[in-house]
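Single-structure report; data block below.
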Amino acid sequence: MSPVHALLLASAGLVLLINRLQWRLRTKPVTATLVGVQAVGRGGMLAPVYQYTDASGRSVQAVCRTGSDDLRRLRTGRSVGLRVATDDPHAVREANDFILEFLGAALLAGGIWRLGLAHGPVLLRSLPVVAGVGVVYAA
């Protein structure tokens, strides 16, 4: 793997981690009830529909952006921890969904490891570039 590929791998991981961190910082935790499902696409995927009470006492229904085909997970009436965007009460994700964080950390670690393993001197010059990509994306 060339240093460019390793740098791209590390940069992709960093961007993914920063994106997820921004989501966690821009949201607040709530407890919701799964009230139904909605078909997503053609593959039999179902998106959960949640209902929760916001800070003003108003009942809000929101459809999660990610779908699932696991019917046990989509059982109506189940209580779920959510993260709700402060600027959009209909933008929700499950609070305990850490898959993308793990993927981002693995990509970042793999890219840095590969840079260090194959191209030790390049690593010291590349880390500022990886950090710069993260700063530019976060801004």
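Some values worked out for this structure:
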| item | result |
| --- | --- |
| Residue selected from region 91-100 under the condition within 17 Å of Leu16 (Cβ to Cβ) and surrounded by fewer than 16 Cβ atoms within 10 Å (Cβ to Cβ), by the criterion modelled with the lowest pLDDT | Asp97 |
| Residue list for region 32-65, filter: loosely packed, with under 13 Cβ neighbours inside 10 Å and among the polar types (S, T, N, Q) | Gln38, Ser56, Ser59 |
| Any chance Leu34 is touching a Phe, Trp or Tyr at 6+ places or on another chain (Cβ under 7 Å) and either outside any helix (DSSP H, G or I) or under 13 Å from Ala91 (Cα atoms) (or both) | yes |
| Residue check, Arg20 among the basic types (Lys, Arg), touching a Leu at 6+ places or on another chain (Cβ under 9 Å), assigned to a helix (DSSP H, G or I) and under 30 Å from Pro128 (Cα atoms) | yes |
| Some residue of region 5-14 being at pLDDT 85 or above, within 25 Å of Gly132 (Cα to Cα) and touching an Asp or Glu at 6+ places or on another chain (Cβ under 8 Å) | no |
| Subset of region 66-87 [surrounded by 10 or more Cβ atoms within 10 Å (Cβ to Cβ) and over 14 Å from Pro29 (Cα atoms)] | Thr66, Gly67, Ser68, Asp69, Arg73, Leu74, Arg75, Thr76, Arg78 |
| Matching option when the condition is of a type in the set (A, V, I, L, M, F, W, C) and more than 12 Å from the chain's Cα centre (by Cα), among Ala55, Ala95 | Ala55 |
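The values are calculated or read from the model by the stated rules, or taken from the named source; none is laboratory data. Computed from a predicted structure; not experimentally measured. In this analysis, Cβ positions are derived from the backbone assuming ideal geometry, glycine residues included, and neighbour counts consider all displayed protein chains.
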